[in-house]
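Each remark here refers to the structure printed beneath this line.
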Amino acid sequence: MSNEVVLTGISTTGIPHLGNYVGAIRPAIEASSNPDAETFYFLADYHSIIKCHDPETVKQSSLAVAATWLALGLDTDNATFYRQTDIPEIPELTWILSCMTAKGLMNRAHAYKAAVSENSLAGSKDPDKGISMGLFCYPVLMAADILMFKANKVPVGKDQIQHLEMTRDIAARFNHTYKPLFVLPEAVVDEKTAVLSGLDGRKMSKSYNNTIPLFEPEKKLRKLIMKIKTNSLEPGEPKDPEGCTLFEIYRAFASEQEAQALRARYAEGIAWGAMKQFLFEYLNDHLAAPREKYLALMDDPGHIEAVLQKGAEKARNLSTPFLQEIREAVGIRNLGG
Ligand code: TRP
């Protein structure tokens, strides 16, 4: 039995971009073929309906995100790959955990506090304007995701560290009150994994609208790369690869040797136009094969559904008996037995 249980939720809002790939998808897929780790990856679609109230978008992004992971080579025999909403034990556990969660703890959640402060900046009299219970209780649902599968390692972005602390807090309270059923998980924040910059030089993020979607058709990919902001140095003037978005993106895909060779071309004063063309061709070469797979998968949603159902079955083999134990522990029991 391996003792590393790695679990992470994939938010299903929007179309995956290069930054998602480098920061989260690629390391997760690499871990999925590690025989010493048990890995759980799931589409966090209950989380997606907190912010997105358009049913078609909710559905399409689940499809696109699942197709992306599969196209990039996720090993679904080794990893358990499922959709959160296929596991009814998760919302049930969420309720039980809610009863172990101090409201004050949720008051301190960054996402909730940010929403309140936006309201106050906008001059609203109601600090909770537009804030749903879903947003407020988001960390409890996330705790249920993690605790259900006894994960001990949870790879996440820095913004999620607080949610892991809350998860530990909630789990510890349960363990202390009832029975030590839950494993206290740790956030794994990889300082090394690149945070890619986007078109405008800020962090590549959907919220800045500066992303390069992973499977953009060739022409569009080229257009986006041509838009990446550079400085105004002329061809022939030496350029600094550090802090250059074009170099950073290349670096995230290239080998050390390839990066060295490109550093030399920067020193020689490669023209920005030539560099953009070079980056486009390089990325396009790397993305062409998975892009084709992605498009084929998007054309066969029945196959994706079947893969997810298989994953759900694997996951429920664990969650169904574990939830039974949890219910027993809190006193929800068969009265005749
Ligand atoms: N909140 C995470 C995010 O926005 C997604 C997520 C939901 C998650 N449940 C999780 C991540 C459980 C790790 C573990 O990125």
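Please verify whether VAL116 is over 25 Å from ALA171 (Cα atoms), in a helix (DSSP H, G or I) and within 16 Å of the chain's Cα centre (by Cα), treating the condition exactly as stated. No, not satisfied.
Conditions tested, residue by residue: (1) among the hydrophobic types (A, V, I, L, M, F, W, C); (2) modelled with pLDDT of 95 or more.
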| residue | (1), (2) |
| --- | --- |
| GLN84 | no, yes |
| PRO88 | no, yes |
| HIS110 | no, no |
| LEU135 | yes, yes |
| ILE146 | yes, yes |
| ALA151 | yes, yes |
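Here is a check on your reading of the model: is ILE270 surrounded by 16 or more Cβ atoms within 10 Å (Cβ to Cβ), aliphatic (A, V, I, L, M) and more than 20 Å from LEU74 (Cβ to Cβ)? For ILE270, the condition - surrounded by 16 or more Cβ atoms within 10 Å (Cβ to Cβ), aliphatic (A, V, I, L, M) and more than 20 Å from LEU74 (Cβ to Cβ) - is met. If I filter region 195-206 for residues that are touching a residue at least 60 places away in the same chain (Cβ under 8 Å), buried (at least 16 other Cβ atoms within 10 Å of the Cβ) and not in a loop (DSSP other than H, G, I, E, B), do I get at least one hit? Taking every residue of region 195-206 in turn, at least one turns out to be touching a residue at least 60 places away in the same chain (Cβ under 8 Å), buried (at least 16 other Cβ atoms within 10 Å of the Cβ) and not in a loop (DSSP other than H, G, I, E, B).
Among the residues making up region 87-104, those that are in a helix (DSSP H, G or I) and surrounded by 16 or more Cβ atoms within 10 Å (Cβ to Cβ) are GLU89, ILE90, GLU92, LEU93, THR94, ILE96, LEU97, SER98. The residues in region 140-192 that are closer than 18 Å to ALA329 by Cβ, within 12 Å of the ligand (Cβ to nearest atom) and not β-branched (Val, Ile, Thr) can be counted, and the count is 5. Looking across ASN34, ASN78, one residue alone is modelled with pLDDT of 90 or more and away from the ligand (no atom under 15 Å from the Cβ). It is ASN78.
The values are calculated or read from the model by the stated rules, or taken from the named source; none is laboratory data. All values derive from a computational prediction rather than experimental measurement. Heads up, the Cβs are rebuilt from the backbone with ideal geometry, glycines too, and the neighbour counts pull from every protein chain shown.
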